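Working notes, structure below.
The values are calculated or read from the model by the stated rules, or taken from the named source; none is laboratory data. What you are looking at is a predicted structure, and each value in this text was computed from that prediction instead of being measured. Every residue, glycine as well, gets a Cβ built from its backbone with ideal geometry; the counts of neighbours run over all protein chains shown.
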Amino acid sequence: MEEYAREPCPWRIVDDCGGAFSMGAIGGSVFHSIKGYRNAPAGHYRRLIGSLTAVKTRAPITGGNFAVWGGLFSAIDCSLVYVRKKEDPWNSITSGAATGAILSVRNGVAAMAGSALIGGVLLALIEGIGIMFTRFSAEQFKPVDPTQMPQDPQQLPPKPLFGGEQTSNSYQ
Amino acid sequence: MRTFKVTRMRTCWLGNIWILHVTKFVFILANFTQSFPFNRSQMMNSKQDPGGIFGGYGMGDPNVGLAGSPNSGALLSPLHPYLNVDPSLVGPGGAEYIFPEGASKTRGRFEMAFSQIGGSVFAGGAVGGANGIITGIKETAAAQLTGPVRRTQMLNYIAKQGASSAQALGVVALMYSVFGVIISKARGADDELNTLTAATMTGLLYKSSAGWKKCGRAGAVGFGLAAVYCLYTSKDRIKGVLSSKGYDSL
């Protein structure tokens, strides 16, 4: 049920932006609390203060950067859905690459190409893993050929009296 | 596999909507035929019945509304007689929706959380950006900047103020959502108390490192905003309570 709970397209941008912001802010809190603790001067109290200060100043910035990434990604994704009239993994991969390129547009063409490559490969990995999971989980719902199903054991021919291995493979 | 899932979702959704529309249409039809001028006298006869907006159905006459009964005529019930039921007698009034089994009638806090956080981030960015435009115009005019320098400075103002207010609002929304989800999961209920508690705790946490005074003030602001919101969202219920009290005193 959770899988079907995604927003329809224009609102998906807001949704993804919020999800990315939460991810970045919570992850940034953990990351910067550790980093601030390690970077602070000696003494437990000072380390805690340093950790808290780092979280307060840096975690929202991390969250904001994530939010920009998520919002832009989702906006491009929705635009591609609108233009191409279909939803497939190529939308995600393309929008990942385009997001990477757009966010490093001030750093020159080479940096844009690099970021686009990283974004595209990352999203291709994510999509690939998703497809793989779907395929594995779909395997157990595969329709079974009724002629290959195991039959009622009461109607099977009796075991041969001195037989060793049974050669029939219709029970598998 | 992916396309299969998407199509399945859409059909489900469409199916729900379709049922909804059909139900609504049936009720509209029933309502329309009931308020047709030919039946005016009959409605007047059954005035004392608690019929609601769907018109009174004469309780004394079991044949009312049934096709072929002598005093109803063909116009009164073109529908199947079993559909000619006052819906307010069957269930509570209000909009009638069909929900999947086990699903709650509104989305829970967790389902709403990401949209709310994202909306807050967007709103903060918009407000901060507008603020940045105003500040930028003032500051660049005061510094007598022109051309590309002014443009770059304006962009800096807009981006910086937009980002900072988007971050601030987003963090507030994130705290509120986290508190709200935790409280509603812990209590197993989702009501106004959760909203008030979560908002107060958000205010306290947001200013928790700024001293007791500011912390308390932020908590009070959170509580006040939540109280206003709760009053606004439940104004119909409050009205109902007040009016029923008036009846009691009479």
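Kindly state which helices (runs of 4 or more DSSP H) lie completely within the stretch B:177-250 and contain at least 1 residues that are within 22 Å of A:VAL55 (Cα to Cα) and not charged (D, E, K, R).
In the stretch B:177-250, B:192-206, B:212-233 are the helices (runs of 4 or more DSSP H) which contain 1 or more residues that are within 22 Å of A:VAL55 (Cα to Cα) and not charged (D, E, K, R).
Here's the yes/no breakdown for (1) of a type outside the set (D, E, K, R); (2) within 30 Å of B:ALA210 (Cβ to Cβ); (3) in a helix (DSSP H, G or I); (4) at pLDDT below 90:
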{"site": "A:VAL83", "(1), (2), (3), (4)": "yes, no, yes, no"}
{"site": "A:GLU87", "(1), (2), (3), (4)": "no, no, no, yes"}
{"site": "A:ALA98", "(1), (2), (3), (4)": "yes, no, yes, no"}
{"site": "A:ALA101", "(1), (2), (3), (4)": "yes, no, yes, no"}
{"site": "A:SER115", "(1), (2), (3), (4)": "yes, no, yes, no"}
{"site": "A:ILE118", "(1), (2), (3), (4)": "yes, no, yes, no"}
{"site": "A:ILE129", "(1), (2), (3), (4)": "yes, no, yes, no"}
{"site": "A:VAL144", "(1), (2), (3), (4)": "yes, no, no, yes"}
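Filter the stretch B:188-226 for residues that are more than 14 Å from chain A (Cβ to nearest Cβ) and of a type in the set (S, T, N, Q); which is surrounded by the fewest Cβ atoms within 10 Å (Cβ to Cβ)?
Among those residues, the one meeting the criterion is B:THR197.
What number goes with the only condition from (1) more than 8 Å from every other protein chain (Cβ to nearest Cβ); (2) in a helix (DSSP H, G or I) that A:GLY18 does not pass?
With (1) more than 8 Å from every other protein chain (Cβ to nearest Cβ); (2) in a helix (DSSP H, G or I) applied to A:GLY18, the lone miss is (1).
Any idea which of (1) surrounded by 17 or more Cβ atoms within 10 Å (Cβ to Cβ); (2) free of Cβ contacts under 8 Å to residues at least 60 places away in the same chain; (3) of a type outside the set (A, V, I, L, M); (4) away from chain A (no Cβ under 11 Å) is the one B:THR135 doesn't satisfy?
(1)
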